[in-house]
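*Asks:* Have a look at this one.
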Amino acid sequence: MIVKLLAIGLLASLAAATHLQYPITGEACILINLTANNSLEWKPDNATYNVPKWSFADSNVIDGNCSGDKPYLEVKWDVDNATMKFEFSKTSGKAQVGMTLSFVPQVVFVKDNNTDNSTQELSVSYTLGSAEKAFKCITTQSKTATNESYSMTLRIGDLMIQGYNVKDGKYSDYEECGADPTPTPYPTPTPFPAPVPQVLDKVYLNATDGNITCAMVAGKFQFMITYNTTDNKSNTTTIDVPKINMTSVGKCAAKDNTLTATFYENFTLVFDFSGDDSNFWLKTISLTYPLGSPYFPKSKVNTTQTVSIMFDDSTKKYKASQSGSYLCNSETKLTLNSTVNLKMTDFQYAAFQKNITSFGDKNISECQDDAKTSSIVPIAVGAALAGLVVIVLIAYLIGRRRNRKGYESV
């Protein structure tokens, strides 16, 4: 996920106007509007590698707090897990905002072969105006933060920001920065846009044992994994099973078939199937994931976790005929444990096959949600036909009655 989508994370092609607020729905207590043309550099030895022109438009608000003297809003770039925290403070009635970028160099500079998997933080401070008012600054201003290996430059313009005294979810009266020549009325902020649904790749996995492929699984799989961070907070990472850069193998025993898929090097997804002479069914889904990897920034523990969900053999909920396959196009949500959830769509599988290369179109066992959807069409068609028959019958009776009156008059 991160390697494939890095180009739309910090590596955004153009700066764009961005509206941020916390909370993201309902009445906001923190409001930020800005355009940003920022850069991040890594300088190993005598070389320089850049992540130029990255934008807040590709980030999402993940956390915030409006209580206390230091309200804050935090955004995250999901594709590389970098975060930026806007934290407000005030001194003698004047407001400041600190902006802290947290990132893992191994993820952000993956194409430059950076092996540093520690979490780096770079911070700058921006002086605002009165803590009781919004602050506006159209003129672009630059702020730079550096350490031994990395340098961040924020170029922020068209800024409108307020962390205190926000009323009814709107900016209050504003104070302008000295760099702006003339005051310009700032438009009322538009509502926070709804998030765009992410399009998942459909993956195809084979259980091959020697020269035999006994099982095949297809679908779109997304894991939501919650973990504890070093600062005693709870964070959730979304892991999509990728279409590329993954391998799958299998075990084809007489009573058990197992399909094991490995992706992102240290993630393992396992499907275990049971069967008899007539049917087969899904028995277990397991996931193994490394909490110490860059996919889980600031993880409190550095261990490999394995979680699973076992389905009841007596009910055989995901059962299909030996001569067919199981299919569920509808979204299925599964809870593997209290910290790991799985979402599946377009899910199809077949097991205990001699040498399967594709799913057939016969003897497909549909899930209940798909069957409900399938039944809607014939019901609708039947209702339409019945309505048409009633209309024709009424028209016939009316026409016949009119003709009869005509005969009587003659």
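*Asks:* Applying the selection to the stretch 360-369, what residues are out of contact with any Leu (no Cβ under 8 Å at 6 or more places or on another chain) and in contact (Cβ under 8 Å) with a residue 12 or more places away in the chain? Please lay out each step first, then the result.
*Replies:* Of all residues in the stretch 360-369, those out of contact with any Leu (no Cβ under 8 Å at 6 or more places or on another chain) come to 360-363, 368-369.
Within the stretch 360-369, GLY360, LYS362, ASN363, ASP369 qualify.
*Asks:* Next question. Looking at VAL301, VAL249, VAL270, VAL307, can you tell me which residue is assigned to a loop (DSSP other than H, G, I, E, B) and either under 28 Å from PHE352 (Cα atoms) or among the hydrophobic types (A, V, I, L, M, F, W, C) (or both)? Talk me through it step by step, then tell me what you get.
*Replies:* Details: VAL249 fails: assigned to a loop (DSSP other than H, G, I, E, B); VAL270 fails: assigned to a loop (DSSP other than H, G, I, E, B); VAL307 fails: assigned to a loop (DSSP other than H, G, I, E, B).
On inspection, the qualifying residue turns out to be VAL301.
*Asks:* Let me ask something else. Can you confirm whether GLN162 is assigned by TED's automatic domain parsing to the domain that holds LEU40 and buried (at least 16 other Cβ atoms within 10 Å of the Cβ)?
*Replies:* Details: assigned by TED's automatic domain parsing to the domain that holds LEU40: yes; buried (at least 16 other Cβ atoms within 10 Å of the Cβ): yes.
For GLN162, the condition - assigned by TED's automatic domain parsing to the domain that holds LEU40 and buried (at least 16 other Cβ atoms within 10 Å of the Cβ) - is met.
*Asks:* May I pose another question? Which residue out of SER274, SER314, SER299, SER308 is in contact (Cβ under 8 Å) with a residue 40 or more places away in the chain and polar (S, T, N, Q)? Break it down stepwise before answering.
*Replies:* Working: SER274 fails: in contact (Cβ under 8 Å) with a residue 40 or more places away in the chain; SER314 fails: in contact (Cβ under 8 Å) with a residue 40 or more places away in the chain; SER308 fails: in contact (Cβ under 8 Å) with a residue 40 or more places away in the chain.
Result: SER299 is the single residue among SER274, SER314, SER299, SER308 that is in contact (Cβ under 8 Å) with a residue 40 or more places away in the chain and polar (S, T, N, Q).
*Asks:* Moving on. Looking at THR345, THR357, which is the one that is loosely packed, with under 10 Cβ neighbours inside 10 Å, at pLDDT 85 or above and within 29 Å of GLN222 (Cβ to Cβ)?
*Replies:* THR357
*Asks:* Of the residues SER125, SER130, SER59, which single one is of a type in the set (S, T, N, Q), free of Cβ contacts under 8 Å to residues at least 60 places away in the same chain and surrounded by 21 or more Cβ atoms within 10 Å (Cβ to Cβ)?
*Replies:* Working: SER125 fails: surrounded by 21 or more Cβ atoms within 10 Å (Cβ to Cβ); SER130 fails: surrounded by 21 or more Cβ atoms within 10 Å (Cβ to Cβ).
After ruling out the rest, the residue left standing is SER59.
*Asks:* Scanning the stretch 8-33 for residues that are within 11 Å of GLY169 (Cβ to Cβ), part of a loop (DSSP other than H, G, I, E, B) and under 22 Å from the mean Cα position of the chain (by Cα), which turns out modelled with the highest pLDDT?
*Replies:* First pass over the stretch 8-33, keeping only residues within 11 Å of GLY169 (Cβ to Cβ): 21-23, 25-31.
Filter once more, keeping what is part of a loop (DSSP other than H, G, I, E, B): 23, 25-29.
Imposing the further condition that a residue be under 22 Å from the mean Cα position of the chain (by Cα) reduces the set to 23, 25-26.
On the way: PRO23: 90, THR25: 85, GLY26: 85.
Across the stretch 8-33, the extreme among qualifying residues is PRO23.
*Asks:* Please determine whether any residue of the stretch 338-346 is without any contact (Cβ under 8 Å) to a residue 40 or more places away in the chain and either within 30 Å of GLU121 (Cα to Cα) or not small (Gly, Ala, Ser) (or both).
*Replies:* For the stretch 338-346, residues without any contact (Cβ under 8 Å) to a residue 40 or more places away in the chain and either within 30 Å of GLU121 (Cα to Cα) or not small (Gly, Ala, Ser) (or both): absent.
*Asks:* Something else about it: How many residues, within the stretch 304-326, are within 17 Å of THR268 (Cα to Cα) and among the polar types (S, T, N, Q)? Give the steps one after another, and end with the answer.
*Replies:* Initially, the stretch 304-326 is screened for residues within 17 Å of THR268 (Cα to Cα), giving 304-310.
Remaining after also requiring among the polar types (S, T, N, Q): 304-306, 308.
Residues in the stretch 304-326 being within 17 Å of THR268 (Cα to Cα) and among the polar types (S, T, N, Q): 4 in total.
*Asks:* List every residue pair whose Cβ atoms lie under 8 Å apart, where the two residues are 6 or more positions apart in sequence or sit on different chains, the first residue falls within the stretch 160-182 and is over 8 Å from ALA134 (Cα atoms), and the second residue, located anywhere, is among the polar types (S, T, N, Q) and buried (at least 18 other Cβ atoms within 10 Å of the Cβ).
*Replies:* Filtered contacts from the stretch 160-182: GLY169/GLN21.
*Asks:* Those residues that are buried (at least 18 other Cβ atoms within 10 Å of the Cβ) and modelled with pLDDT of 90 or more, I need them from the stretch 280-294; list them, please.
*Replies:* Looking only at the stretch 280-294, we keep the residues that are buried (at least 18 other Cβ atoms within 10 Å of the Cβ), and these are 280-283, 285, 287, 289-290, 293-294.
Matches in the stretch 280-294: PHE280, TRP281, LEU282, LYS283, ILE285, LEU287, TYR289, PRO290.
*Asks:* I'd like the full set of residues that are over 24 Å from the mean Cα position of the chain (by Cα) and assigned to a strand (DSSP E or B), limited to the stretch 273-298. Steps first, answer last, please.
*Replies:* Start the filter on the stretch 273-298 by keeping residues that are over 24 Å from the mean Cα position of the chain (by Cα), which leaves 273-284.
Hits for the stretch 273-298 are PHE273, SER274, GLY275, ASN279, PHE280, TRP281, LEU282, LYS283, THR284.
*Asks:* Looking at GLY68, is it without any contact (Cβ under 8 Å) to a residue 40 or more places away in the chain and within 21 Å of ASP168 (Cα to Cα)?
*Replies:* Details: without any contact (Cβ under 8 Å) to a residue 40 or more places away in the chain: yes; within 21 Å of ASP168 (Cα to Cα): yes.
Judged against the criteria, GLY68 is a match.
*Asks:* Return the residue satisfying two criteria in turn: it lies in the stretch 319-337 and is assigned to a loop (DSSP other than H, G, I, E, B) and in contact (Cβ under 8 Å) with a residue 40 or more places away in the chain, and of such residues it is farthest from LEU287 (Cα to Cα). Give the steps one after another, and end with the answer.
*Replies:* In the first step, residues of the stretch 319-337 are kept if they are assigned to a loop (DSSP other than H, G, I, E, B); the result is 322-324, 329-331, 336-337.
Filter once more, so that each one left must be in contact (Cβ under 8 Å) with a residue 40 or more places away in the chain: 322-324, 329-330, 336.
On the way: GLN322: 26, SER323: 29, GLY324: 26, ASN329: 22, SER330: 22, LEU336: 9 Å.
The qualifying residue farthest from LEU287 (Cα to Cα) is SER323.
*Asks:* Follow-up. Would the stretch 221-241 turn up any residue that is touching a residue at least 24 places away in the same chain (Cβ under 8 Å), closer than 24 Å to THR315 by Cβ, surrounded by 15 or more Cβ atoms within 10 Å (Cβ to Cβ) and not β-branched (Val, Ile, Thr)?
*Replies:* Within the stretch 221-241, one or more residues are touching a residue at least 24 places away in the same chain (Cβ under 8 Å), closer than 24 Å to THR315 by Cβ, surrounded by 15 or more Cβ atoms within 10 Å (Cβ to Cβ) and not β-branched (Val, Ile, Thr).
*Asks:* Out of the strands (runs of 3 or more DSSP E) lying entirely within the stretch 60-139, which hold 3 or more residues that are within 31 Å of the chain's Cα centre (by Cα) and at pLDDT 90 or above?
*Replies:* Numbers: elements: 60-65, 72-77, 82-91, 94-103, 120-130, 134-137.
Output list reads 60-65, 72-77, 82-91, 94-103, 120-130.
*Asks:* Looking for whichever is without any contact (Cβ under 8 Å) to a residue 60 or more places away in the chain, closer than 15 Å to PRO294 by Cβ, assigned by TED's automatic domain parsing to the domain that holds VAL51 and polar (S, T, N, Q) here; the options are THR139, THR83, THR115. Which one fits?
*Replies:* Working: THR139 fails: closer than 15 Å to PRO294 by Cβ; THR83 fails: without any contact (Cβ under 8 Å) to a residue 60 or more places away in the chain.
Of THR139, THR83, THR115, the one residue that is without any contact (Cβ under 8 Å) to a residue 60 or more places away in the chain, closer than 15 Å to PRO294 by Cβ, assigned by TED's automatic domain parsing to the domain that holds VAL51 and polar (S, T, N, Q) is THR115.
*Asks:* Among the residues of the stretch 34-52, what is the count of those that are under 23 Å from the mean Cα position of the chain (by Cα) and modelled with pLDDT of 85 or more?
*Replies:* Counting residues in the stretch 34-52 that are under 23 Å from the mean Cα position of the chain (by Cα) and modelled with pLDDT of 85 or more gives 0.
The values are calculated or read from the model by the stated rules, or taken from the named source; none is laboratory data. Please read these numbers as outputs of a predicted model, since none were measured by experiment. Note: ideal-geometry Cβ built from the backbone for every residue, glycine included; neighbour counts use all protein chains shown.
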